Each structure stands twice: as structure tokens, then as C-alpha cells.
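Some notes on the structure that comes next.
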Amino acid sequence: MIEWSEKLYLTDSVKKKVKKIRKKIEKPDKIRFGAYLVTLNDNGTDLFDIYNILMFPAKHFKKEDTNVKIVGIAKDEDEAKLLVIEMIKLITANGTPLTSDGLKEFFKASAK
């Protein structure tokens, strides 16, 4: 199941394309443009994952037991990495611990 964070972090290059990107992810029949998605990771080791939007039609993301929470969107992989760095700076400045549970609480609180 794909879930969207209430507070999405975006790079400047995708701010005008967010609706189009969201629509393509929710109905990924013919994704023909590039974007990278930053998601929370639940494996207990990593904090975030970065996926190319072209991966989302894959069967893995359609499984009911697969939960993906999208928290950021960038134009390319380099921008996505820079976005993650900025997000970590904001999270740590807030005093939130860099753990899976800390990130979940941060994004839950930032949605309010």
C-alpha cells in the first residue's frame, strides 16, 4: 500500500509537477517521465529509501503487505540525496531521534 505524507518535502524542480507525479504513482499505467521518491524505511537499519518513479508499477509495490510512505519528491537521484540531507537537518534540529520510530513521529507531527 502506498501512503503519502501529509507534509511532502519537495525540491524546487518538482513543485509544479506534484499533482501529475501523484496521479502517475496512484495509476502507474504509463509512467514516462522521471522523478525520484523519498520514502520511510521500516527495516530498522536505514532511515529512508530513494526510488525511481519508474519502479512503482512493479508487482512488489502492489502487494497488500508492502507499505510505502512517500515523504519527498525530487527530479533526479542527486536532488533526492540532497533532499534527504535537508530533511535530516530539519529533523535533528527539531530534537527528533534518527530512528524509524522517531521519523514516524516527526512526520505524523509535521502533518498537524
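Structure above, values below:
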read-out: Computed E for Ala93/Asp12 - FRET, C-beta separation, R0 30 angstrom, nearest 0.05; value: 0.90
read-out: Two-site label geometry, Phe33 and Asn67: point separation in nm, points 7 Å out along Cα→Cβ; value: 3.1
read-out: Local net charge near Thr96, Cβ-Cβ under 12 Å (Lys/Arg +1, Asp/Glu -1); value: +1
read-out: Cross-link pairs Lys24/Lys89; Lys24/Lys104; Lys27/Lys89 - those with Cα-Cα distance over 27 Å; value: Lys24/Lys89; Lys27/Lys89
read-out: Backbone HN-Hα couplings from phi across the range 101-110 [Karplus 6.51/-1.76/1.60, Hz, Gly and Pro as x]; value: 5, x, 5, 4, 5, 4, 6, 5, 6, 6
read-out: Global form of the range 2-110, assessed from the alpha-carbon gyration tensor, a/c cut-off 1.5; value: oblate
read-out: Net charge, Glu79 excluded, C-beta distance under 14 Å - Lys, Arg +1, Asp, Glu -1; value: -1
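All of the numbers you see were taken from the coordinates with simple rules; none came from a lab. The structure displayed is predicted, hence computed values, not measured ones. Virtual Cβ from ideal backbone geometry, glycine too; neighbours counted across all protein chains shown.
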